[in-house]
Amino acid sequence: MGFPKGFLWGGAVAANQCEGGYLEGGKGLSCADMLKGGSVSKPRMFSPVIEEGVYYPSHQAIDFYHHYKEDIALFGEMGFKCYRLSINWSRIFPNGDDEEPNEEGLKFYDNVFDECKKNGIEPLVTLSHYEIPWAIVTKYHGFRDRKVIDLFVKYATTCFKRYKGKVKYWLTFNEINAALMPGGGAYNGVGYVIEEDLQNTEQRPVNQLIDDPQGRLEALHNEFVASALTVKAGHEIDPDNMIGCMIAHLTVYPATCSPDDMLAAQREDDFFNNICGDMHVRGEYPPFAENIYKSYGVDTSFMHNEEDMKILKEGVVDMYTFSYYMSMTKSAKPAQDETGGNLSFGGKNPYLKATPWGWQIDPEGLRWTLNKLSDRYPHTPLMIVENGMGMIDKKEEDGSVHDGYRIDYLRDHVKQMKLAIDEDNVPLIGYTTWGCIDLVSAGTGEMYKRYGFIYVDRNDDGTGDFSRSRKDSFFWYKKCIESNGEDID
Ligand code: BGP
């Protein structure tokens with residue numbers, strides 16, 4: 001009973017949200033380096049050229065690039081079994097299509113993984129977490145060009161070979177389903193931005209770039225193929241590799257028990273969650289996908305490329321990993337009262353409370369989601385690789401932070417995970433909370449919205465000395481891991 005032995009407790013971050021050092025060690029620009037800071041009411045602007053004297057959060061972020069030893073030691077102190085991080089593609093291939101990888105970039109991650117080992121931590125590596133070399137965006141329009149499939153596979157293969165024996169757990173693309181949303185093209189690893197926006201000096205929020213569903217969905221298809229080829233190559237290089245997909249799971253309830261709302265919720269789940277899940281776990285488009293794509297006026301012939309379909313079947317993932325933060329409701333009518341999120345929006349649920357960013361807190365929804373996933377993908381190991389609470393934290397003079405609200409949020413989710421394992425027999429293998437150390441928010445670019453167990457002295461106006469301190473939740477999580485999820489009150 002309870003969490004299985006060897007359960008992967010830990011935390012998660014992404015390179016562009018924590019590393020900084022954006023041009024150090026031979027790194028090239030990445031698409032994330034082109035995003036300015038925003039807030040809950042001010043969207044992040046996408047700038048096709050870097051402007052002097054303007055604050056771009058990823059450029060310094062929390063300076064993990066120079067603090068990694070200290071940070072990983074703190075994760076070790078908490079007892080992490082697993083640390084989810086991403087490799088920044090543009091540190092390894094600064095232009096994406098370079099002949100040879102950048103040795104300094106490869107060495108940086110060698111050092112990071114060695115440090116993990118020293119602290120008894122298993123790395124879980126995302127190959128592309130909302131990141132693609134900027135040169136690939138400008139030269140190829142991201143994954144819209146099939147040449148980028150090969151470039152990605154070359155990058156992934158370089159990493160598999162270099163880190164063989166050091167890294168066993170891998171994810172291909174973070175929240176790949178973000179590309180289903182307009183604006184998701186630039187925002188996630190698909191890197192699809194059309195020429196007009198690249199030339200446009202009048203900047204726009206990333207989700208208001210010109211949308212071209214044909215290009216975006218074809219690029220996503222190419223990403224699926226790249227992911228499958230990567231899984232296949234990863235297994236060939238090291239049969240011990242365990243490679244997963246990463247889906248932003250949007251848990252949707254019907255707004256009422258009206259059959260129309262029921263169908264609307266099912267349709268949303270199929271569209272946003274199940275297309276991408278099925279592509280990775282079953283290696284095929286689900287039957288409803290084509291008509292959904294056609295409803296956007298898309299020519300769907302790319303969905304019938306026989307060679308691609310074979311690749312997809314040969315490259316199914318070993319585990320289904322996902323992010324879970326909240327749930328929302330769906331109605332057949334337009335929602336009256338919308339709730340927040342950084343990718344998608346839905347109706348408010350009167351039974352749930354929300355964070356100041358409007359993210360509805362729903363621990364039971366996590367149990368529901370785990371059950372849904374183990375029904376849909378029987379015997380596929382599941383892992384929650386993001387879950388957490390973005391809040392405004394106050395650091396006291398002695399460096400402490402009393403974040404009882406975060407402890408409550410996490411404890412309630414851990415309880416539901418335990419029920420899903422004990423009562424429902426869900427094959428859950430791990431849990432990495434999001435933003436185990438404060439970092440830049442992907443959605444708003446803020447430091448003000450904090451997730452960590454570790455407070456980082458860095459603010460949105462660029463002030464702060466980057467010093468780290470332990471929050472109350474740090475000690476709570478340590479206890480939770482030590483007791484394998486038993487001592488959480
Ligand atoms: C997910 C992303 C993460 C992370 C998280 C929290 O969608 O994969 O990169 O940032 O959401 O979102 P935010 O940073 O917008 O609060």
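The values are calculated or read from the model by the stated rules, or taken from the named source; none is laboratory data. The model shown is predicted, which means the values in this text are computed figures rather than measured ones. Note that each Cβ is placed from the backbone with ideal geometry, even for glycine, and that neighbours are counted across all protein chains shown. For the accessible areas, the whole protein counts, side chains as well, though only heavy atoms, and no ligand, DNA or RNA atoms are used. Shrake-Rupley method; radii C 1.70, N 1.55, O 1.52, S 1.80 Å.
Results, tabulated for the structure shown:
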item: Interatomic Cα distance distribution for region 289-345, bins of 10 angstrom, percent; result: 15, 25, 35, 22, 2
item: Cut-off 11 Å between beta-carbons: net charge of the residues surrounding residue 243, Lys and Arg +1, Asp and Glu -1; result: -1
item: Percent accessible area from carbon and sulfur atoms, the chain, protein chains only, probe 1.4 Å; result: 50 percent
item: Magnitude of the charge dipole, the chain, Cβ model with Lys/Arg +1 and Asp/Glu -1, debye to 20; result: 680 debye
item: Percent antiparallel among DSSP beta bridges (both partners in region 8-482, rounded to 5); result: 25 percent
item: Local net charge near residue 310, Cβ-Cβ under 13 Å (Lys/Arg +1, Asp/Glu -1); result: -3
item: FRET efficiency for residue 55 and residue 288, using Cβ-Cβ distance with R0 set to 30 Å, rounded to 0.05; result: 0.10
item: Residue-count net charge about residue 141 - beta-carbon cut-off 14 Å; Lys, Arg +1, Asp, Glu -1; result: -4
item: For the chain, radius of gyration divided by Kirkwood radius, i.e. Rg to Rh on alpha-carbons; result: 0.93
item: Length released on extending from residue 469 to residue 1, taking residue separation times 0.36 nm less the Cα-Cα span; result: 165.0 nm
item: Peptides 409-419, 98-108, 368-378, 135-145 ordered by average Cβ neighbours within 10 Å, highest first; result: 135-145, 409-419, 368-378, 98-108
item: Extreme residue, positive dipole direction of the chain, given options 222, 155, 352 (C-beta unit charges); result: 352
item: Gained length - residue 314 relative to residue 395, 0.36 nm times residue gap less alpha-carbon distance; result: 24.1 nm
item: Unit charges at the beta carbon, dipole of region 27-130: most positive-side option, 61, 29, 48; result: 61
item: Region 8-482 - percent relative contact order, Cα under 8 Å, separation 6 or more; result: 17 percent
